Each structure stands twice: as C-alpha cells, then as structure tokens.
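I have placed the structure first, in the form of structure tokens, so that the comments after it can refer back to it.
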Amino acid sequence: MLEQNKYITEIYKKAWLELEKSTPLSGDCGVICSKKCCMGTDSDGMLLFPGEESLYKDSGSWYTIIDSGVTLPGNIKIKFFTCKGSCQRELRPLSCRIFPLMPYINSDRRIDLRFDLRGIGICPLISNPDLYPIDEGFVDNVHLAFSHLVYEKPVIKFLKFLSEQHDEIEALLRKFYSNA
Ligand code: SF4
Ligand code: SF4
C-alpha cells in the first residue's frame, strides 16, 4: 500500500509539474473576473483526481479535504477539496491547474480537451472564447500532464465520469438555449 501511494504521488507530481507555470492566458486571467474560480467557500471547491489526496495531509491551514460522495466503479472514492481563496500555489490541485479545460474521453477513447462546462457561469474564458482564446502552450501542457496519467485505470474511470457529467451539462445547455 505504501509503495502504491508513493507511486501515485510521483505520477501526480509529474502531472502537476507540467502545469507549474502554465496559465490559460499569457497574462493573469484573474484580473478579468476578479478570480471567480478562487472564491474559497465551504461549498465551492473541486474534485480531486483519484488518489491525488495522497499529496496532502487530511487538512491544512488553507484547505480542507472531505468525501465528495462520488464513488466510481471498483469502490474508488473521490475526494472534495476546498480552499480559503488563496493557496500555496505549488500545491494547488490538478483541477485548478487545468481549469477552464477538462479532459473528455471521446468516441475514439482518446482524450479531447474541452471547456469545463461546470464553470460556464463564472469563467469568461468559457463563455467568451473568441474574446479570450486559450493559450496554445497551455493546451499542450494540459495534454502533457495527462500523458503521465492515462495508464492509470482509476484516472480513466474518473475521466469517464467527468465526460458523462460534461455530456449532461451540454445537453441541458442545448435544451435551455433552444427554448430561449
Ligand atoms: S474564472 Fe476563468 S478567467 Fe477567472 S480566474 Fe478562473 S480561469 Fe481565469
Ligand atoms: S487552491 Fe488555489 S488555485 Fe485552486 S481554487 Fe484555491 S486559490 Fe484557486
């Protein structure tokens, strides 16, 4: 078990490192929206990737980790991470590093980066991509980050879960806009 934890920790560190300095825009996108994705409340937070919690203590001065209630096939429990609106940047979770993108498993079973539609209400990069095109270097680095993770079955199960969620939100949005 210890060896397994050490292994998982190492691959997440590699994934994190690919996005250590990379940001969605070449400048600070937080100035556009007053850092809406970093509001830091008990209910705002993000899902950790499976096993990513092994990089953290159960709680720290700036974050809390609790059960998310999401269980993937194989009894894989997904954790929920909240912060207080600021963080030790080198320890921010993968979800923060890749936002506003998400890894979507397409019909060819390949990872396709899409906008994370869960953030459409807060992130101008998602709602107005023509005005704020995502930096291509950032896209490349998100791909690189997942190149370290794609051989991990729990991660693939999680990506399928996220992809299903994405499909559901997209269907709801289509319905909403077609009725508007
Ligand atoms: S909500 Fe979008 S634009 Fe605002 S800080 Fe987060 S990623 Fe950048
Ligand atoms: S951990 Fe850092 S990057 Fe992530 S939401 Fe909190 S303040 Fe923002």
Selection within segment 67-86 - hydrophobic (A, V, I, L, M, F, W, C), over 16 Å from residue 118 (Cα atoms) and either crowded, with 20+ Cβ neighbours inside 10 Å or modelled with pLDDT under 95 (or both)
78, 83
By residue number, the members of segment 157-180 that are within 13 Å of residue 106 (Cβ to Cβ) and either of a type in the set (A, V, I, L, M) or outside any helix (DSSP H, G or I) (or both) are 159, 162
Heads up, the strands (runs of 3 or more DSSP E) in segment 74-119 (entirely inside) with at least 3 residues that are out of contact with any Leu (no Cβ under 8 Å at 6 or more places or on another chain) are 76-83
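Each row is one residue, and each column tells you yes or no for (1) touching a strand residue (DSSP E or B) at 6+ places or on another chain (Cβ under 6 Å); (2) farther than 18 Å from residue 20 by Cα.
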| residue | (1), (2) |
| --- | --- |
| 69 | no, yes |
| 78 | yes, yes |
| 85 | no, yes |
| 88 | no, no |
| 95 | yes, no |
| 99 | no, no |
| 108 | no, yes |
| 113 | yes, yes |
| 118 | no, yes |
For residues in segment 36-65 being within 21 Å of residue 116 (Cα to Cα) and free of Cβ contacts under 8 Å to residues at least 40 places away in the same chain, which is farthest from ligand 1 (Cβ to nearest atom)?
43
Please determine, by comparing only the residues of segment 45-56 that are within 14 Å of ligand 2 (Cβ to nearest atom) and part of a loop (DSSP other than H, G, I, E, B), which one is surrounded by the most Cβ atoms within 10 Å (Cβ to Cβ).
49
Those residues that are assigned to a loop (DSSP other than H, G, I, E, B) and in contact with a helix residue (DSSP H, G or I) (Cβ under 9 Å, 6 or more places away or on another chain), I need them from segment 22-44; list them, please.
22, 23, 24, 25, 26, 29, 44
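The values are calculated or read from the model by the stated rules, or taken from the named source; none is laboratory data. All values reported here derive from a predicted model rather than from experimental measurement. For neighbour counting, all protein chains shown are included, and Cβ atoms are generated from backbone atoms with ideal geometry for every residue, glycine included.
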